[in-house]
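**Q** I'd like to ask you about the structure that follows.
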Amino acid sequence: MSKKSLTKKMRLAKMRKRNRRMPVLATVRTHRKLGYNKLQRDWRRRKLRIKE
């Protein structure tokens, strides 16, 4: 396993946070205007593009 730099680690953590699913309460409160997290990705198909 290769060692990651601190900046790359921070960026990975940020992308992981962005990838979280939409809270149910947010969907209910906005009357389903916010249906899903647009930043979510299918990790099997789409690559996570992270600039070095």
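The values are calculated or read from the model by the stated rules, or taken from the named source; none is laboratory data. Note that the coordinates shown come from a computational prediction; the quantities given were computed from them, not determined experimentally. Because the Cβ atoms are built from the backbone with ideal geometry, glycine has one as well, and the counts that use them run over all protein chains shown. Accessible surface areas use protein heavy atoms only, side chains included; no ligands, DNA or RNA. Shrake-Rupley method; radii C 1.70, N 1.55, O 1.52, S 1.80 Å.
**Q** Quick one: would you say L25 is in a helix (DSSP H, G or I) and either modelled with pLDDT of 85 or more or surrounded by 10 or more Cβ atoms within 10 Å (Cβ to Cβ) (or both)?
**A** On the way: in a helix (DSSP H, G or I): yes; either modelled with pLDDT of 85 or more or surrounded by 10 or more Cβ atoms within 10 Å (Cβ to Cβ) (or both): yes.
Against the criterion (in a helix (DSSP H, G or I) and either modelled with pLDDT of 85 or more or surrounded by 10 or more Cβ atoms within 10 Å (Cβ to Cβ) (or both)), L25 qualifies.
**Q** Applying the selection to the range 28-37, what residues are modelled with pLDDT of 85 or more and open to solvent by less than 100 Å² (accessible area, probe 1.4 Å)? Before the answer, list the steps.
**A** As a first pass, look at the range 28-37 and keep what is modelled with pLDDT of 85 or more: 28-31.
Listed by number, the residues that qualify are V28, T30.
**Q** Just name the residue that is most open to solvent (accessible area, probe 1.4 Å) out of those in the range 1-19 that are free of Cβ contacts under 8 Å to residues at least 24 places away in the same chain and hydrophobic (A, V, I, L, M, F, W, C).
**A** M1
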